[in-house]
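So the structure is just underneath, and the comments pick up after that.
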Amino acid sequence: MSGSTFGELFRVTNFGESHGPAIGCVIDGCPPGLALSESDIQQDLDRRRPGTSRHVTQRNEPDAVEILSGVYEGVTTGTPICLLIRNTDQRSKDYGNLLDTFRPGHADYTYWRKYGHRDPRGGGRSSARLTAPMVAAGAVARKWLAQVHGTTFIGWMSALGELPIPFVDAAHIPHNPFFAPNADILPRLEDYMDALRKSGDSCGARIEVRASGMPVGLGEPLFDKLDADIAHAMMGINAVKGVEIGSGFATVTERGSQHGDELSPEGFFTNHAGGVLGGISTGQDLVVSIAIKPTSSIRLPRASIDREGHATVVQTHGRHDPCVGIRATPIAEAMLALVVMDHALRHRAQCGDVVLATPAIPAGPAGG
């Protein structure tokens, strides 16, 4: 299957299936000399893993990562890094009724039409479980970027279904299962999810993610624009149906006098561009927002067809997230880190010797 490798110089090849013995990835292009251990990676996997609250799938996977290659005496060697995550809590019998039918909104029909064969257990290769290896690879990228450039990443949920989540304080984000930057709204979110689960239905979500401490100059001016690659990465996350950079679709109603981010020696006045101009990073925060569709696997009966083309009704049983967006924040952070990492290495390769007398403009008060 093509399309399983992401990146140019920092290349991540993803492998495995939802109910196979293991999932994982191979990272090629990680610079040598980076201190790296399983614990560096595990902390991000623990934020994404299933079974962490009553509001997500109860599949109980520890997602314990193993480093099989590319690290010697605790330091990366520059050779391919193989990361393995064993599946331990598959319940394949839950998908027995899906062998000959197709779940509406899922990849069942398109996979069958493309390959003529598919693994129906948990969605097989199309499962969101395959985001775990990308989170693991993202953790490696995040550590290198923090050490070399001081770049950091943070994400949060800004809407759950039709409920907006006003941003109050980033300190709240790690202390609730929704990655919500607002403690006061948590009871409403919990009641909303409890009612949704009881109904057998699902909802979507909006996730915001930012990179701070960005180097200036990452990205290319034409087909490999930094924001284009960010959009490519975010749309590669399961269930993502929309991506905004900076002001996004709000730019439709903005005037040029408002949208263009003015400069001063002290920094940019605003950040409507989301940290990217002409496909190249400005040094301001990268500002990204993604829209995640409602979970396709729901208990409610839905019209479909079988492999013979006959009309049928599908009900999906098993352990599913009523809102896959609840666990999407660490995934979005990881994918943004992978894009920045790849472009940082590409920039170093081509433009590492560029020296300018013009001082870099600080991110300023509008850095985010």
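The values are calculated or read from the model by the stated rules, or taken from the named source; none is laboratory data. Remember, predicted model here, so these are calculated numbers, not experimental data. Neighbour counts run over all protein chains shown; Cβ positions are idealised from the backbone, glycine included.
Okay, here's what the table says:
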item	result
Residue match in the range 8-16 (condition: in contact with a Phe, Trp or Tyr (Cβ under 8 Å, 6 or more places away or on another chain), more than 27 Å from Met235 (Cβ to Cβ) and of a type in the set (A, V, I, L, M))	no
Where Ala195 falls short, out of the listed (1) assigned to a helix (DSSP H, G or I); (2) small (Gly, Ala, Ser); (3) touching a residue at least 60 places away in the same chain (Cβ under 8 Å); (4) over 27 Å from Ser2 (Cβ atoms)	(3)
Conditions (1) at pLDDT below 95; (2) among the hydrophobic types (A, V, I, L, M, F, W, C); (3) within 16 Å of Val339 (Cα to Cα): number failed by Leu196	(3)
Count of residues meeting criterion [modelled with pLDDT of 95 or more and in contact with a strand residue (DSSP E or B) (Cβ under 8 Å, 6 or more places away or on another chain)] in the range 238-249	8
Evaluation of Ile361 against (1) closer than 17 Å to Gly213 by Cβ; (2) among the β-branched types (Val, Ile, Thr); (3) touching an Asp or Glu at 6+ places or on another chain (Cβ under 6 Å) (one fails), failing number	(3)
Subset of the range 248-303 [β-branched (Val, Ile, Thr) and surrounded by fewer than 20 Cβ atoms within 10 Å (Cβ to Cβ)]	Thr251, Val252, Thr253, Thr270, Ile280
Pick from the range 1-28, criterion surrounded by fewer than 17 Cβ atoms within 10 Å (Cβ to Cβ) and small (Gly, Ala, Ser), ranking: nearest to His149 (Cα to Cα)	Ser4
Qualifying residue in the range 165-188 (condition: of a type in the set (A, V, I, L, M), surrounded by 12 or more Cβ atoms within 10 Å (Cβ to Cβ) and closer than 20 Å to Ile298 by Cβ)	no
Inter-residue pairs, beta-carbon under 9 Å, first closer than 27 Å to Val216 by Cα and in the range 150-162, second of a type in the set (S, T, N, Q) and assigned to a strand (DSSP E or B), 6+ apart	Gly150/Ser212; Thr151/Ser212; Thr152/Ser212; Phe153/Ser212; Ile154/Ser212
Filter pass, Ile207 being touching a residue at least 24 places away in the same chain (Cβ under 8 Å), at negative phi and assigned to a helix (DSSP H, G or I)	no
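Quick grid of which residues meet (1) under 30 Å from Cys25 (Cα atoms); (2) part of a helix (DSSP H, G or I); (3) of a type in the set (Gly, Ala, Ser):
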| residue | (1), (2), (3) |
| --- | --- |
| Thr131 | yes, yes, no |
| Ala139 | yes, yes, yes |
| Leu145 | yes, yes, no |
| Val148 | yes, yes, no |
| His172 | no, yes, no |
| Glu190 | no, yes, no |
